[in-house]
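The values are calculated or read from the model by the stated rules, or taken from the named source; none is laboratory data. Given the structure is predicted, the values throughout are model-derived calculations rather than measurements. FYI the Cβ positions are ideal-geometry reconstructions off the backbone, even for glycines, and counts take in every protein chain you see. Areas reflect the complete protein model, heavy atoms only, side chains present, ligands, DNA and RNA absent. Shrake-Rupley method; radii C 1.70, N 1.55, O 1.52, S 1.80 Å.
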Amino acid sequence: MRIGIDARLVYYNRAGIGQYIVRLVESLAVLAPPDDNFILLQSRKDQSTIINCNGFVRRSLWTPSHNRFEQPALSFEVSRLKLDLLHSPDFIPPFKRNCKSIITIHDLAFLLYPHFLTKESARYYGQIDRAVRCADCIIAVSESTRRDLIKKLGAPEDKITVIYEAADPLFQPEERSHAVHHVQALFEIPEDFILFVGTIEPRKNIPGLLRAYRRLRDKYKLTP
């Protein structure tokens with residue numbers, strides 16, 4: 001098969017979905033059958049190479065991610081690649097295409113908490129209904145997202161497969177006491193601590209974390 005992976009977002013954002021794309025490609029290089037060919041669709045501005053491996057070829061696209069003219073421009077560029085299948089890890093595929101489509105939906109936070117969206121984000125993710133209808137297959141990254149897709153968007157259950165997100169091989173289980181001592185020595189922190197990992201943005205609900213910490217101190221007299 002000739003499989004395209006929309007990897008344009010890697011240039012714009014290496015967190016979240018960008019990380020997912022990179023780790024997915026690395027894992028496919030190990031697991032994919034040798035007769036499959038993967039076409040990595042990267043931004044023309046992106047000078048990086050996600051992977052150097054037989055069976056993986058980079059193609060530079062002019063169409064920027066989340067652009068208001070993305071649909072017609074991306075449809076045109078993809079149509080020239082003669083793909084059998086296109087995987088869109090950033091939710092929204094080209095609606096007019098000459099190949100099958102798989103989309104990954106990471107969550108529906110933009111539907112559940114729309115007040116956190118910018119106008120541009122609302123315009124882009126507002127296409128999710130059509131994306132769900134026109135995709136041939138949907139990857140949900142959790143059972144929670146799968147339930148939301150069925151409940152909020154009426155997505156057919158037989159169209160959805162739950163596949164957990166690809167992680168950096170760095171993230172492996174470690175012996176707990178060793179890990180704790182390593183982190184304490186690295187950051188010079190006391191024995192008890194709370195760690196938050198994530199981007200600083202409203203939908204991460206950091207105020208909720210701080211309120212919980214305030215309650216921990218006031219009610220339980222604990223001070224990590």
**OP:** Would you mind stating whether Ile50 is part of a loop (DSSP other than H, G, I, E, B) and either modelled with pLDDT of 95 or more or buried (at least 16 other Cβ atoms within 10 Å of the Cβ) (or both)?
**Re:** yes
Original post:
Which one is most open to solvent (accessible area, probe 1.4 Å) among residues in the stretch 25-47 that are more than 14 Å from Ile5 (Cβ to Cβ) and part of a loop (DSSP other than H, G, I, E, B)?
Top reply: Gln47
**OP:** Select from the stretch 1-11 the residues that are farther than 17 Å from Asp84 by Cα, in contact with a strand residue (DSSP E or B) (Cβ under 8 Å, 6 or more places away or on another chain) and not in a loop (DSSP other than H, G, I, E, B) and list them in ascending order.
**Re:** Val10, Tyr11
**OP:** Could you tell me whether the stretch 59-69 includes any residue that is aliphatic (A, V, I, L, M) and within 25 Å of Val141 (Cβ to Cβ)?
**Re:** yes
**OP:** Scan the stretch 110-128 and report the pairs whose first residue is under 14 Å from Glu201 (Cα atoms) and without any contact (Cβ under 8 Å) to a residue 40 or more places away in the chain and whose second residue is of a type outside the set (A, V, I, L, M) and assigned to a helix (DSSP H, G or I), with Cβ atoms within less than 6 Å and a gap of 6+ or a chain change.
**Re:** Phe110/Tyr125; Leu117/Phe110
Subject >> Conditions (1) buried (at least 19 other Cβ atoms within 10 Å of the Cβ); (2) on the phi < 0 side of the Ramachandran plot; number of the one not met by Phe91 >> reply: (2)
Subject >> Condition met for Arg14 (in a loop (DSSP other than H, G, I, E, B) and within 25 Å of Leu108 (Cα to Cα)) >> reply: yes
Original post:
Given the stretch 118-177, what helices (runs of 4 or more DSSP H) lie entirely inside it while holding 1 or more residues that are out of contact with any Lys or Arg (no Cβ under 6 Å at 6 or more places or on another chain) and modelled with pLDDT under 90?
Top reply: 119-125
**OP:** Working carefully through the options Ser101, Ser65, find the one that is open to solvent by less than 10 Å² (accessible area, probe 1.4 Å), closer than 21 Å to Ile3 by Cβ and either touching a strand residue (DSSP E or B) at 6+ places or on another chain (Cβ under 7 Å) or in contact (Cβ under 8 Å) with a residue 24 or more places away in the chain (or both).
**Re:** Ser101
Original post:
Pairs, please: C-beta under 6 Å, at least 6 apart or cross-chain, first residue within 15 Å of Ser48 (Cβ to Cβ) and in the stretch 1-16, second small (Gly, Ala, Ser) and not in a helix (DSSP H, G or I)?
Top reply: Arg8/Ser43; Arg8/Ser65; Leu9/Ser65; Tyr11/Ser43; Tyr12/Ser65
